[in-house]
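*Asks:* Please see the structure below; I have some questions.
What follows is calculated from the coordinates using simple rules that are stated; it is not laboratory data. Note that the structure is a prediction, hence the values are computed from the model and not measured. Virtual Cβ from ideal backbone geometry, glycine too; neighbours counted across all protein chains shown.
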């Protein structure tokens, strides 16, 4: 985890062993910090985004969701817990 002033600002994760077989590939995905991931996801869908992964808990520090913008570019939402 990369931190700025003690707060998580960036992170890297290794792909699980079966990820390539499942069609995943190494990539960068920008995430935006939001107050309410569910509400922001719904607003994104109304604006033409496609939900790839609905909000789910990541350990005990955040909830994340992943979307595609209307042109197909991936991005994520992070709601700190």
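This table checks each residue for (1) out of contact with any helix residue (DSSP H, G or I) (no Cβ under 9 Å at 6 or more places or on another chain); (2) farther than 22 Å from residue 13 by Cβ; (3) in a strand (DSSP E or B).
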site: 35; (1), (2), (3): yes, yes, no
site: 44; (1), (2), (3): yes, yes, no
site: 52; (1), (2), (3): yes, no, yes
site: 57; (1), (2), (3): yes, no, yes
site: 60; (1), (2), (3): yes, no, no
site: 63; (1), (2), (3): no, no, yes
site: 66; (1), (2), (3): yes, no, yes
site: 72; (1), (2), (3): yes, yes, no
site: 78; (1), (2), (3): no, no, yes
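*Asks:* Select from the range 12-28 the residues that are closer than 17 Å to residue 56 by Cβ and surrounded by fewer than 11 Cβ atoms within 10 Å (Cβ to Cβ) and list them in ascending order.
*Replies:* 13, 16
*Asks:* When you check residue 35 against the structure, is it in contact (Cβ under 8 Å) with a residue 12 or more places away in the chain and loosely packed, with under 10 Cβ neighbours inside 10 Å, yes or no? Before the answer, list the steps.
*Replies:* Numbers: in contact (Cβ under 8 Å) with a residue 12 or more places away in the chain: yes; loosely packed, with under 10 Cβ neighbours inside 10 Å: yes.
Judged against the criteria, residue 35 is a match.
*Asks:* Sticking with this structure for a sec: Filter the range 38-81 for residues that are within 10 Å of the chain's Cα centre (by Cα) and under 22 Å from residue 3 (Cβ atoms); which is surrounded by the most Cβ atoms within 10 Å (Cβ to Cβ)?
*Replies:* Taking the range 38-81 as the starting set, the residues that turn out to be within 10 Å of the chain's Cα centre (by Cα) are 52-56, 63-67, 74-79.
Filter once more, keeping what is under 22 Å from residue 3 (Cβ atoms): 63-64, 75-79.
Details: 63: 18, 64: 17, 75: 16, 76: 16, 77: 23, 78: 18, 79: 20.
Among those that are within 10 Å of the chain's Cα centre (by Cα) and under 22 Å from residue 3 (Cβ atoms), it is 77.
*Asks:* Assess whether residue 12 counts as being free of Cβ contacts under 8 Å to residues at least 40 places away in the same chain, touching a strand residue (DSSP E or B) at 6+ places or on another chain (Cβ under 9 Å), farther than 13 Å from residue 81 by Cα and not in a helix (DSSP H, G or I). Break it down stepwise before answering.
*Replies:* Numbers: free of Cβ contacts under 8 Å to residues at least 40 places away in the same chain: yes; touching a strand residue (DSSP E or B) at 6+ places or on another chain (Cβ under 9 Å): yes; farther than 13 Å from residue 81 by Cα: yes; not in a helix (DSSP H, G or I): yes.
Taking the combined requirement at face value, the residue satisfies it.
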